[in-house]
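See below for the structure under consideration.
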Amino acid sequence: MSRLFRREAELIIADVGNDLSSTGLQATKITDLRMVFRVEKQLSTDPNTCEIEISNLSEDTRAVLQRRPLRITLSAGYEDAVKQLFVGDLLWDESIREATGWLTKIQAGDGARASKHARVNRSFKGGVQYGQILKEIAGTMGLEIPQSIDQAKSMVANLINGASISG
């Protein structure tokens, strides 16, 4: 028996501010509205993408979408099993007046803001740990390295020769 009833979708729009790693203090939660979405996982270095269409958002919520930068979190499923499907940066939105109400279209990419704006130009001398280089690169994007990766054997190893990172 297929379960086609009691489906739920939730969209959280959070004000990120200037800190890429924070989830922001102000968040708007959208539930109980008709949502159509498509999430695409990229196998390349391009950010994963998400497209969402929401029917009849209030004027206040449409105004929230005009602020930037914003991070969105999309969760969906059934009432007893709602799972997070996507977290990313809002790239574009548009609200269109239709005969029966408003249709809002949203496009987002995970890590899109960090990969678009972050730059690093740094040289490292021999003897520095690989983990320190990774921390430096992540820091330019406003991200932190998880402790499990930071303490891995390959990250504690030292670089024999110097290295230059640019990009």
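The values are calculated or read from the model by the stated rules, or taken from the named source; none is laboratory data. Here the structure is a predicted model, which is why all the values come from computation and not from measurement. Note: ideal-geometry Cβ built from the backbone for every residue, glycine included; neighbour counts use all protein chains shown. All accessible areas refer to the heavy atoms of the entire protein, side chains included, with ligands and DNA or RNA removed. Shrake-Rupley method; radii C 1.70, N 1.55, O 1.52, S 1.80 Å.
Annotations for the structure displayed:
- Amide N proximity, region 79-122 versus Glu53 label position 7 Å along Cα-to-Cβ, cut-off under 18 Å: 92-108
- In a fully extended conformation the segment linking Val82 and Leu33 would gain 16.1 nm over its present Cα-Cα distance, using 0.36 nm per residue.
- Anisotropy class of region 49-116 from Cα gyration tensor, a/c 1.5 cut: oblate
- In the chain, the portion of solvent-accessible area held by carbon and sulfur atoms comes to 49 percent [1.4 Å probe, whole percent, DNA, RNA and ligands not counted].
- By average C-beta atoms within 10 angstrom, highest first, the peptides 91-98, 103-110: 103-110, 91-98
- The chain: radius of gyration and largest Cα-Cα distance (Dmax), Å: 19.9, 67
- Its Cα centre serving as origin, region 69-124 has a Cβ charge dipole (Lys and Arg +1, Asp and Glu -1) of approximately 480 debye.
- Relative contact order (percent, whole number), the chain, Cα cutoff 8 Å, 6+ residue spacing: 20 percent
- Cα-based Lys proximity count in the chain, under 30 Å, for pairs eight or more positions apart or on separate chains: 18
- Simple point charges give the picture: +1 on the Cβ of Lys and Arg, -1 on the Cβ of Asp and Glu, and for region 22-167 a dipole about the Cα centre of about 620 debye.
- Sites Thr100 and Gln42 - FRET efficiency at Förster radius 25 Å, r taken between beta-carbons, to 0.05: 0.10
- Averaging Cα coordinates gives a centre for region 54-119 and one for region 29-52; these two points are 8 Å apart.
- For the chain, with +1 on Lys and Arg beta carbons and -1 on Asp and Glu, the positive-most of Ile72, Ser123, Ile54 along the dipole: Ser123
- The long axis of helix 130-140 is offset from the longest Cα principal axis of the chain by roughly 40 degrees.
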